[in-house]
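Everything below concerns the one structure shown next.
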Ligand code: C2O
């Protein structure tokens, strides 16, 4: 059987990434030598449940745990790869030109706009959650998910908007879009005058369309192939959920009507600096589980996808190599999502 031909970033040589206004930014995480990295295979024996962010109140026990984990991450030494800013750097370097491809020094590597999108972000959240667990010494802790596909979840959840000094707050959010403003899941630079109830129903139709009507094949859902070599130069094509609502939620949250000042959630290089990023992506990841478990979808079977690997720093600040084939079953990673109602599916019958 032919060897797989996965695309790999050159982790040894992190370079400056590019901000939306084209100025370079150094967001390189501490360098790793791939030849010294150990492979990691998940084998969780207990399964924790990730719950909707809107189900938690400010000041609750959960809120205290979560904020204490984030404070501890922010207080780690700036050079510790588990430091909150370094975690954000991991995202920046992997998406805005921080790495070139192994064997293709002129080809930039990017985990967006292709079939790498879902699995890379799944692994990224996995290690982020492990780091939180480790810092608060509670291996049952889970990240919340921003349940933007349900009526009650269609605004910034209150735990992320509880005052300027909260570690879950971020000052670079669009002031027009703070609660109780209802999100527009296909927002694109400019607020439409619309009744919030109508917006909510529109959002449910968007979810149905993106998850079902437009995602009939694995490549519609996950995005197109991205392999090593010259083909990797063509921007591959994003999956339906990555395009909408994923991208729209980024822009809606972190950008004003003027694209050039997109920051934090609104721009790739900075998006993981906003703690809400991880809740946004938990819900993106939840869509993958819904596609497989409730909608009869299937994973990609191409070996170039299955054998694609990534390197992350784990909860002990050690670099580990992980593969897409080992993240397909989220219960092996030790988590699943609370089985909350899915209004765009349940109410559509
Ligand atoms: Cu790596 Cu929501 O983006």
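The values are calculated or read from the model by the stated rules, or taken from the named source; none is laboratory data. A quick note: this is a predicted structure, and the numbers were derived from the prediction, not measured. Note: ideal-geometry Cβ built from the backbone for every residue, glycine included; neighbour counts use all protein chains shown.
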**Message:** Going by what's in this entry, would residue 34 be described as under 25 Å from residue 225 (Cα atoms) and modelled with pLDDT of 95 or more?
**Reply:** no
**Pairs with Cβ under 8 Å, 6+ apart, first in region 267-282 and within 7 Å of the ligand (Cβ to nearest atom), second part of a loop (DSSP other than H, G, I, E, B)** = 268/96; 268/112; 280/146; 280/148
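Surrounded by 23 or more Cβ atoms within 10 Å (Cβ to Cβ) and farther than 28 Å from residue 47 by Cα: which single residue out of 75, 89 fits that description?
After ruling out the rest, the residue left standing is 89.
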**Asked** Would region 59-67 turn up any residue that is part of a loop (DSSP other than H, G, I, E, B), away from the ligand (no atom under 16 Å from the Cβ) and surrounded by fewer than 22 Cβ atoms within 10 Å (Cβ to Cβ)?
**Response** yes
**Prompt:** Restricting attention to region 97-127, and to residues there that are in a helix (DSSP H, G or I) and in contact with a helix residue (DSSP H, G or I) (Cβ under 6 Å, 6 or more places away or on another chain), which single residue is nearest to the ligand (Cβ to nearest atom)?
**Reply:** 121
**Message:** Take the residues in region 128-148 that are outside any helix (DSSP H, G or I) and within 15 Å of the ligand (Cβ to nearest atom); name whichever of them is nearest to residue 200 (Cα to Cα).
**Reply:** 148
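Name the one entry in 81, 52, 42 that is touching a strand residue (DSSP E or B) at 6+ places or on another chain (Cβ under 9 Å), buried (at least 19 other Cβ atoms within 10 Å of the Cβ) and within 18 Å of residue 311 (Cβ to Cβ).
81
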**Item:** Breaking point among (1) surrounded by 17 or more Cβ atoms within 10 Å (Cβ to Cβ); (2) within 16 Å of residue 218 (Cα to Cα); (3) touching a helix residue (DSSP H, G or I) at 6+ places or on another chain (Cβ under 7 Å), for residue 314
**Value:** (2)
**Message:** If I filter region 222-257 down to residues being more than 21 Å from residue 310 (Cα to Cα) and away from the ligand (no atom under 14 Å from the Cβ), which single residue comes out as modelled with the highest pLDDT?
**Reply:** 240
**Fill in**
Scanning region 295-309 residue by residue, those surrounded by 15 or more Cβ atoms within 10 Å (Cβ to Cβ) and touching a strand residue (DSSP E or B) at 6+ places or on another chain (Cβ under 6 Å) turn out to be 304, 308, 309
